[in-house]
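K.L.:
Quick one: the structure is below, and I'll ask about it shortly.
The values are calculated or read from the model by the stated rules, or taken from the named source; none is laboratory data. Please read these numbers as outputs of a predicted model, since none were measured by experiment. Here the Cβ is made from the backbone with ideal geometry for all residues, glycine too, and neighbour counts use every protein chain on show.
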Amino acid sequence: MFDIVNRLGAAALFSVALATAATAQDLPTIRAATLAIGTVNWEMNTIVEQGLDEKHGFDLQIQGYADNGATRVAVEGGEADMAVADWIWVARQNAAGKDYVFIPYSKAVGGLLVPENSEAQSLADLAGGKIGIAGGPLDKSWLILRAYAQQEHAMDLKAETEQVFGAPPLIFKTGLSGELDGAINFWHFLAKMKAGGMRELISVEEAGNALGLDTDTPLLGYYFKRNFLDAHPGLAQSFYDASRDAKDLLSSSDAAWEAIRPDMNAGSDAEFDLLKSDWIAGIPARGPVDIEGANRMLALMNALGGGELVGEATEIPAGLFADLE
């Protein structure tokens, strides 16, 4: 009798397993091309580990690549369905004939840091100094700070300072060593630099507000080919919902952060705490993107960076931002 019951129980469990596997196989798959050590993996891994993809009706598969160029090639070549970029780059691609759709991810944009013992109180105090900039001469934070310095201090920040352009790790190292009078870096490197003793002279958010920009507009997001989303109606909203669930969880759960701490490359508790708080501060409000605000931002980038930065995108292409709730 017990043997029969055991066999029946095992059969029932096997049937459930088969049904679960079949259900998972029926879900549409999103292949995400991400930097192997990128911060977006914190959200991606939370979605997968917490089952938020299946909850919202899709299967998320994370594919790591060495650099942003490789992620873009993967999407364009059909090896991945989604990657991360700022919407200005996505708008430029659309203006050039590619049909990409942008789903908001983060508004984290960083700022300019100075050494702990610096006497600088404003950008005007950096005249004659050396500023390290990650991302190159067309870095968007640098352009916004240049516009702010011109407006607030009648200062040509480019002409009145020496710029040192370099990869984020180099700006990180030289900034902490005291070789720079100011440093602009990607937000997660800035968090670590603040943990190392540097202080924020001005944030890009503060500068953007002074310039009349909508700083709640998320700069970074996930982009998909439109034909992929058209082939899977409702998937854009489902992915966005999973992303928002992950954000809600990471905003409220210390345990969720501990689960991804091994992915964060935090060298100390101070770095961990600042990476966590700055990531949370970069969470955009839920809802549609402000098109007018985005157009003001695009106009500023066009005025400062020209076609080299925005290409032929002089206004927001129709349908660039996904219609989300």
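K.L.:
LEU229 - would you say it is at pLDDT 95 or above, within 26 Å of ILE62 (Cα to Cα), surrounded by 18 or more Cβ atoms within 10 Å (Cβ to Cβ) and not assigned by TED's automatic domain parsing to the domain that holds GLU54? Write out each step before concluding.
P.N.:
Details: at pLDDT 95 or above: yes; within 26 Å of ILE62 (Cα to Cα): yes; surrounded by 18 or more Cβ atoms within 10 Å (Cβ to Cβ): yes; not assigned by TED's automatic domain parsing to the domain that holds GLU54: no.
No: the conditions fail for LEU229.
K.L.:
Here are the criteria: (1) acidic (Asp, Glu); (2) modelled with pLDDT of 95 or more; (3) under 24 Å from TYR100 (Cα atoms). Tell me which single one ASP216 does not satisfy.
P.N.:
For ASP216, the failing item is (2).
K.L.:
Among (1) on the phi > 0 side of the Ramachandran plot; (2) not in a helix (DSSP H, G or I), where does ALA266 come up short?
P.N.:
Of the numbered conditions (1) on the phi > 0 side of the Ramachandran plot; (2) not in a helix (DSSP H, G or I), the odd one out for ALA266 is (1).
K.L.:
From (1) in a loop (DSSP other than H, G, I, E, B); (2) surrounded by 19 or more Cβ atoms within 10 Å (Cβ to Cβ); (3) not aromatic (Phe, Trp, Tyr), pick out the condition that doesn't hold for ASP323.
P.N.:
(2)
K.L.:
Can I ask one more? Could you pull out the residue among ILE133, ILE144 that is under 20 Å from the mean Cα position of the chain (by Cα), more than 17 Å from LEU298 (Cβ to Cβ) and outside the structural domain of ASN302 (by TED's automatic domain parsing)?
P.N.:
Numbers: ILE144 fails: more than 17 Å from LEU298 (Cβ to Cβ).
The match here is ILE133.
K.L.:
Just to be sure I understand, how many residues within region 32-62 are without any contact (Cβ under 8 Å) to a residue 12 or more places away in the chain and basic (Lys, Arg)?
P.N.:
Narrowing region 32-62 to residues without any contact (Cβ under 8 Å) to a residue 12 or more places away in the chain: 51.
In the following step, the residues that additionally are basic (Lys, Arg) were identified as none.
Within region 32-62, residues that are without any contact (Cβ under 8 Å) to a residue 12 or more places away in the chain and basic (Lys, Arg) number 0.
K.L.:
Are any residues in region 202-226 buried (at least 17 other Cβ atoms within 10 Å of the Cβ) and under 16 Å from the mean Cα position of the chain (by Cα), and if so, which ones?
P.N.:
Within region 202-226, VAL204, GLU205, THR215, THR217, PRO218, LEU219, LEU220, GLY221, TYR222, TYR223, PHE224 meet the criteria.
K.L.:
Take region 140-157 and flag every residue that is in a loop (DSSP other than H, G, I, E, B) and either of a type in the set (Phe, Trp, Tyr) or surrounded by 19 or more Cβ atoms within 10 Å (Cβ to Cβ) (or both).
P.N.:
Keep residues of region 140-157 that are in a loop (DSSP other than H, G, I, E, B), which gives 154-156.
Hit for region 140-157 is MET155, nothing else.
K.L.:
For region 177-199, what are the residues that are of a type in the set (A, V, I, L, M) and either within 19 Å of ASP125 (Cα to Cα) or not in a helix (DSSP H, G or I) (or both)? It would help to see each step written out before you state the result.
P.N.:
Residues of region 177-199 of a type in the set (A, V, I, L, M): 180, 183-184, 190-191, 193, 195, 198.
Within region 177-199, LEU180, ALA183, ILE184, MET198 meet the criteria.
K.L.:
Can we say SER253 is out of contact with any Asp or Glu (no Cβ under 8 Å at 6 or more places or on another chain), without any contact (Cβ under 8 Å) to a residue 40 or more places away in the chain and among the polar types (S, T, N, Q)? So that I can check it myself, show each step before the final result.
P.N.:
Values: out of contact with any Asp or Glu (no Cβ under 8 Å at 6 or more places or on another chain): yes; without any contact (Cβ under 8 Å) to a residue 40 or more places away in the chain: yes; among the polar types (S, T, N, Q): yes.
Yes.
K.L.:
How many residues are part of a helix (DSSP H, G or I) and within 22 Å of THR174 (Cβ to Cβ) if we restrict to region 121-139? Talk me through it step by step, then tell me what you get.
P.N.:
So in region 121-139, the residues part of a helix (DSSP H, G or I) come out as 123-126.
Applying the additional criterion that residues be within 22 Å of THR174 (Cβ to Cβ) yields 123, 125-126.
Of the residues in that region, 3 qualify.
K.L.:
Taking the condition aliphatic (A, V, I, L, M) and out of contact with any strand residue (DSSP E or B) (no Cβ under 8 Å at 6 or more places or on another chain), does ALA159 pass?
P.N.:
Details: aliphatic (A, V, I, L, M): yes; out of contact with any strand residue (DSSP E or B) (no Cβ under 8 Å at 6 or more places or on another chain): yes.
In short, yes.
K.L.:
Go over the candidates TRP87, TRP142 one by one and state the one that is under 25 Å from GLY311 (Cα atoms) and without any contact (Cβ under 8 Å) to a residue 60 or more places away in the chain. Before you say what the answer is, go through the steps one by one.
P.N.:
Numbers: TRP87 fails: without any contact (Cβ under 8 Å) to a residue 60 or more places away in the chain.
One residue alone meets the criteria, TRP142.
K.L.:
Among the residues of region 200-250, which ones are touching a Lys or Arg at 6+ places or on another chain (Cβ under 9 Å), part of a helix (DSSP H, G or I) and of a type in the set (A, V, I, L, M)?
P.N.:
VAL204, ALA242, LEU250
K.L.:
Sort through LEU220, LEU213 and tell me the only one that's under 16 Å from GLY110 (Cα atoms), in contact with a Ser or Thr (Cβ under 8 Å, 6 or more places away or on another chain) and hydrophobic (A, V, I, L, M, F, W, C).
P.N.:
Criteria check complete, one pass: LEU220.
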